[in-house]
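Each reported figure results from applying straightforward, stated rules to the coordinates on display, with no laboratory input. In this text the structure is predicted, and so the values were computed from the model without any measurement. Every residue, glycine as well, gets a Cβ built from its backbone with ideal geometry; the counts of neighbours run over all protein chains shown.
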Amino acid sequence: MVLAGLTPADWEVTIVDENLGAPDYPAMPRPDLVGITAFTSQANRAYEVAAHFRGLGVPVVMGGIHATMCLDEVSAQVDAVVTGEAEGVWAKVLDDARHGRLQRRYDGGLADIDHVPPARHDLTAKGYAFGAIQTTRGCPLNCSFCSVTAFNGAQYRQRPVPDVVREFQSIREKYVLVVDDNLIGIRPEHIARAKELFRALAQAKTHHRWVAQATINFADDEELLALAAKAGCRGVFVGFESPTPEGLQEIGKKFNILKGRDFRASVRRIQRHNIMVVGSFIIGLDVDEPGIGRRIAETASRYGVDNLNALFLTPLPGTRLWEQMRTEGRIALDRFPEDWKYYTLTFPVAKYRHLSMDDIIQEMMACNQNFYSLPRILRRVASGLRRRHAPLISLVGNLSYRSNFRRDCRAYADFRRSAGQ
Ligand code: B12
Ligand code: SF4
């Protein structure tokens, strides 16, 4: 949608999103150019799609996180790779493609997002549960496992508020995912801009309901919370990452151990504004020992989060964790590109310090079985009822996490078989 917004009007753009299912490519009209984006876990499918179109003689350009972090691998599969952010180079790529002189690589680096056209929300298919919008880029925190600072930089860049409001107004879905890695930022000037945005959204009365990602300092400012709620915020995804200060130290998320932080009180303050909290935790840190799964579930329950999202520590290419694990010979699933399919953070792909592959799967199961047991779900929904805090959404959220977990359990069985080979 963002690239389509950057594309001059004399190109006709069609967006195909395989999250909705793969289309019948042979039945589609032959395009002049194909652009592909993919997360690392989707790389193999991206290469299949690229091979199909290259077979027809259509030039294929790939960009995005995986193309940037695995340039050599991707270069072998496509005609041109765009690394970094596309805003500064896409017009040139299109011009070169039009004149049959595509280069092998273009590097967009970090873009100036002060003057970018709005993303083309009109081009997506109908039927999405959520629309999506980006209002900021970059994250100053640089946690070891995360690609964001490596890809989008440590400097926190914010789109002009009127641009964001206009784009919001063009989103047809009622529910919206604000895809920013940290919607509010960490410094006073970041928070001030977030407040300005929330005021403007409330004033524009767009009637959207949205969820976003933020660090736990979201809870520290009552005015910010009230404005967010008024602007339509109904949920926030917060990375707690580890129940121990040692764990937070290990991954470089010292921000979460600033002294005096009471996580339970912080979560409650957010929820008081009718904003649900999804807490994310990682299993498999070097400090994690047997029992960590249960410990995370109990910590998340103590904090009072509405949903828990537990993921395996995964060395994603381009991160500090990747470099460290590669040097230490700890990347267990390393037949690339095939093994990228396991880099969804829902499979254990590394050698963990105190946990074998079987152990860590057991820990993940213990974690989810504990947090998503029916009595615990009912307790959370009842507590939501007491707080008049969207009990139905809470119930649906909890049940869908529970059913995802059941699906993951089935996937572990296949995974054990193939990883064992
Ligand atoms: C929103 C989001 C999601 C949403 C996705 C919704 C959707 N379907 O779009 C949800 C919550 C579903 C999600 C899920 C996951 N996510 Co996610 N997600 C993000 C997030 C926060 C923003 C992505 C985004 O929309 N950015 C806005 C657009 C404009 O930026 P962009 O994609 O980078 O595009 C720019 C450039 O890259 C470039 N570009 C991109 N593609 C192309 C293509 C061409 C041809 C060209 C020329 C240029 C180009 O141009 C664009 C403009 O500059 C990113 C973090 C981040 N900051 O990118 C993580 C991120 C992409 N996710 C990540 C991961 C790991 C996952 C999960 C695997 C984790 C999990 N288990 O939950 C799942 C996988 C889902 C799946 N289907 O496989 C990792 C990916 C790392 C990697 N190497 O693949 C990231 C980077 C976060 C991280 N911590 O490292 N995610
Ligand atoms: S995990 Fe969150 S806080 Fe840490 S670098 Fe990534 S986006 Fe920033």
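A few remarks follow.
Residue by residue, here is whether (1) under 21 Å from ARG386 (Cβ atoms); (2) out of contact with any Lys or Arg (no Cβ under 8 Å at 6 or more places or on another chain); (3) surrounded by 17 or more Cβ atoms within 10 Å (Cβ to Cβ) holds:
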site	(1), (2), (3)
LEU227	no, no, yes
ALA231	no, no, yes
GLY235	yes, yes, yes
GLU241	no, no, yes
GLY247	no, yes, yes
ILE275	yes, no, yes
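- Looking only at residues in the range 262-273 that are surrounded by 15 or more Cβ atoms within 10 Å (Cβ to Cβ) and over 13 Å from ALA229 (Cα atoms), the one that is nearest to the chain's Cα centre (by Cα) is VAL267.
- Odd one out for ASP181, checked against (1) touching a residue at least 60 places away in the same chain (Cβ under 8 Å); (2) of a type outside the set (Gly, Ala, Ser); (3) within 14 Å of ligand 2 (Cβ to nearest atom): (1)
- Pick from the range 34-72, criterion near ligand 1 (Cβ under 9 Å from one of its atoms), in a loop (DSSP other than H, G, I, E, B) and of a type in the set (A, V, I, L, M, F, W, C), ranking: surrounded by the fewest Cβ atoms within 10 Å (Cβ to Cβ): PHE39
- Condition broken by GLU250, with the remaining ones in (1) in contact (Cβ under 8 Å) with a residue 60 or more places away in the chain; (2) within 16 Å of ligand 1 (Cβ to nearest atom) satisfied: (2)
- One residue stands out among those in the range 251-260 that are out of contact with any strand residue (DSSP E or B) (no Cβ under 7 Å at 6 or more places or on another chain) and part of a helix (DSSP H, G or I): the one that is farthest from ligand 2 (Cβ to nearest atom), which is ILE257.
- Taking residues in the range 48-66 that are under 16 Å from ARG98 (Cα atoms) and without any contact (Cβ under 8 Å) to a residue 60 or more places away in the chain, and partners anywhere that are exposed (fewer than 15 other Cβ atoms within 10 Å of the Cβ) and not acidic (Asp, Glu), the pairs with Cβ atoms closer than 7 Å and at least 6 places apart or on different chains are VAL58/ARG30.
Conditions (1) surrounded by fewer than 22 Cβ atoms within 10 Å (Cβ to Cβ); (2) closer than 21 Å to ALA4 by Cβ, marked per residue:
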residue: GLY131; (1), (2): no, yes
residue: SER144; (1), (2): yes, no
residue: THR149; (1), (2): yes, no
residue: GLY153; (1), (2): yes, no
residue: VAL165; (1), (2): yes, yes
residue: ILE171; (1), (2): no, yes
residue: GLU189; (1), (2): yes, no
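- Checking VAL93 against (1) within 28 Å of THR136 (Cα to Cα); (2) surrounded by 19 or more Cβ atoms within 10 Å (Cβ to Cβ); (3) in contact with a helix residue (DSSP H, G or I) (Cβ under 9 Å, 6 or more places away or on another chain), the condition it does not meet: (3)
- Within the range 384-411, the residues that satisfy the criterion of being in contact (Cβ under 8 Å) with a residue 60 or more places away in the chain and either within 23 Å of ILE292 (Cα to Cα) or hydroxyl-bearing (Ser, Thr, Tyr) (or both) are SER394, ASN398, TYR401, ASP408, ALA411.
- In the condition set (1) farther than 25 Å from THR344 by Cα; (2) within 28 Å of the chain's Cα centre (by Cα); (3) not in a helix (DSSP H, G or I), TRP11 is compliant with all but (2).
- Scanning the range 81-102 for residues that are near ligand 1 (Cβ under 9 Å from one of its atoms) and more than 25 Å from the chain's Cα centre (by Cα) yields a count of 1.
- Some residue of the range 228-250 being away from ligand 2 (no atom under 16 Å from the Cβ), small (Gly, Ala, Ser) and within 18 Å of the chain's Cα centre (by Cα): yes
- Pairs with Cβ under 7 Å, 6+ apart, first in the range 85-107 and within 21 Å of ALA38 (Cα to Cα), second within 16 Å of ligand 2 (Cβ to nearest atom) and part of a loop (DSSP other than H, G, I, E, B): GLU85/LEU110
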